[in-house]
1. May I ask which residue of 614, 638, 672 lies farthest towards the positive end of the charge dipole of region 608-695, with charges of +1 (Lys, Arg) and -1 (Asp, Glu) on Cβ and the Cα centre as origin?
2. I'd like the distance between the alpha-carbon centres of region 319-389 and region 230-308, rounded to an integer number of Å.
3. Could you please put 379, 364, 430 in sequence from largest to smallest accessible area, using a 1.4 Å probe?
4. Just the number please: accessible area per residue for the chain, 1.4 Å probe, all protein chains included, in Å².
5. Given +1 on the Cβ of Lys and Arg, -1 on the Cβ of Asp and Glu, and no further charges, what dipole in debye does the chain carry about its Cα centre, rounded to the nearest 20?
6. Evaluate E = 1/(1 + (r/R0)^6) for residue 519 and residue 691, where r is the Cβ-Cβ distance and R0 equals 41 Å; express this FRET efficiency to the nearest 0.05.
7. Quickly estimate the mean residue ellipticity at 222 nm for the chain, helices only: each DSSP H run with n ≥ 4 gives -39500 (n - 2.57), and the total goes over all residues, rounded to 500.
8. Using label points projected 7 Å from each Cα along Cα→Cβ, tell me how many nm separate residue 247 and residue 39, to one decimal.
Amino acid sequence: MRSERVHPLALGYAVLALVGCETRTGTSAIGGERLLHANGDTANWLMYGRTYDEQRFSPLRKVHEDNVGHLGLVWSRELGTTRGLEATPLVVDGVLYTTGSWSVVYAMDARTGEVLWTYDPQVPRGRARTYCCDVVNRGVALYKGTVYAGTLDGRLVAIDARSGDRIWEVLTVDPSKPYSITGAPRIADGMVLIGNGGAEMGVRGYVSAYDATRGALVWRTYTIPGDPSLGFESEAMRIASATWKGRWWEGGGGGTAWDAIVYDPELRLVYVGTGNGSPWFRALRSPGGGDNLYLSSIIALRVESGEQVWHFQTTPGDNWDYTATQPLMLAELEITGRRRKVIMQAPKNGFFYILDRETGEFISANPFASITWATGIDSVTGRPVESPTAYAGMNPVLVSPDPSGAHSWHPMAFNPSLGLVYFPVRDGASFLYRPNADWRPHTTRRNEGNDARYNGPLLRAWQAAPTGTGRLVAWDPIRQEARWRVDHPVLNSGGVLATAGNLVFQGRSDGLFVAYRATDGEKLWEFDAGTGIMAPPVTYLVGDVQYLTLMVGWGGDMGLVNPPTSRGARPGFGRVLTFALGGTARLTLPPFRHHGSPDTLGSASASEAAIAEGRVLYATFCFSCHGVDAVAGALPDLRYSTAEVHRYFEAIVLGGARAPLGMPSFGDLLSTAQARAIQVYILDRARELTAAPSNR
Ligand code: CA
């Protein structure tokens, strides 16, 4: 819980730099007024989506369509992580604030990459199993000299922007339940807004507002109703309870607000995107049906009280992990001759939505990806017409989009003069099947956050996903159609930045960072980052120079479905990269290398039955980090485990010998015989690898 001064000289520079401009600028001067006028503050990137409307459009045009070919690397900073990086860096007066894996916060000199301070909130590495989905973080908020960050284990931390010292910290969750925070906090009306995740593991979602100065809780608004016998927190919860059946609260219910939280200072409304149900399948969650409000919804809350004003549910009674937590964007659009304040979203379910953000009235929706779960949208109500074949039973059904969504958290960008929204699209499908009907989460050990018996059957429910296709689209929201699209050679690509230089920037999971012409999608420049990119770029000025910065290095659920077999996309090697015109720095890419060589030690003695048992256990307890069929993305590919790993296999898996490295103990869930079955399965997979090396 302490800040670590990585480089004394760098810190000295930081203090000088900040003291030098304290009177007029600097982080200490970022009050509410400055945030309200963030759009005119072209030199800086003060907030997650740059401005309150989260359009991620920079008016900077020093880098433009005619000179972007001269863009080059200025510096890179290795972060010593092999896990995914997803943060949007914030930049104010030449100082860059960002986050890495395990919720570690960094302040850097934006011109040089010199680390000014590092704040490690000391998230317990051995608890990784409790958190969905990998140990990622999407960034910080800045306000009045303070940096705010959520931590994976559910804390909200206020850090002195100058020194990196902690000012205050609050626990925002019940630590006995598997809540996590991966999203960026937002500042609204002197408060810090923070949500949480964990619907995959069985929790009830909510969003909290804390006083930015003191860290006191101002309000907390739940997204779904709890146990009715305890009373409802609000009228909205009472209304919602009529749309749930059975004893839904026992499985948590879900609806977590793990990413999109947007504030409209003019209407004084906070918009929150809510997540999927816990568990995924309504037949298990709410036997007897119902819409299960407010799962997979956009909800509007009064900023002063958190009281719900309106809601719009994108996927009623969600069965497919179709969250509506995806980025929310505010804009004013001319629709059928009328200027309207709208909110836009491209959620996982594959429809692009426009709503009136004053009233929540549905304006329009149209598919932006291949969809099989619904046949259309009711043009009046906005309610989807569900396909009866999309309901998974004990036998698998093939459904599009897959549970990673037609679009997930990867930020969208808007060019207001062209009227186009740019975002990554995934055309994926997966086989879904429901766990046993008699299975119930948390019925025996409800107070233990680590209960992987919930997680296991859920994850097993979506294997064997066929390969999909990915692209960047420029979406005309008024016409509800793509103006142009660029097809990618990979399924997954990252967040987007749009600039007044008629440019759109985006990275991809195969490691390319690309600039496109905003008007027609013509590729104008590219850079090989050598590792997968999911995070969005930002742009800003230091002096007269326009810089672009982004985090590179993938992991988590992207590593899961993207084994490192595609071109150049080495897992890990997380870095911050910064570019400017004429930049000449070189990126030295370490050669791709596994951590060991396949070892078939002892596999000869394993029976087919033991291997088969190990395969099922692996798919339940291991695949979410170590990859489908033991082919790993960012985390160790277990087929390459050394003889030493196999010798200590039981100590690692059951005894927690590698907990400090993020490998949790499964000693409370697996027997020695089960651990051995997983081991012989892995050895069998390694044997196949040795037999057919081209399989890697
Ligand atoms: Ca989910």
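1. 638
2. For region 319-389 versus region 230-308, the Cα centre distance is 18 Å.
3. 379, 364, 430
4. Spelled out: the 1.4 Å probe surface of the chain, per residue, equals 35 Å².
5. So the magnitude is around 640 debye.
6. Plugging the Cβ-Cβ distance into 1/(1 + (r/R0)^6) gives 0.20.
7. So the helix-based figure for the chain works out to -3500 deg cm²/dmol.
8. About 5.2 nm, to one decimal.
The values are calculated or read from the model by the stated rules, or taken from the named source; none is laboratory data. Not measured: the values here are computed from a predicted model. So basically every Cβ, Gly included, is an ideal-geometry build from the backbone, and we count neighbours across all protein chains shown. Surface areas here come from the heavy atoms of the whole protein model, side chains and all, with no ligands, DNA or RNA. Shrake-Rupley method; radii C 1.70, N 1.55, O 1.52, S 1.80 Å.
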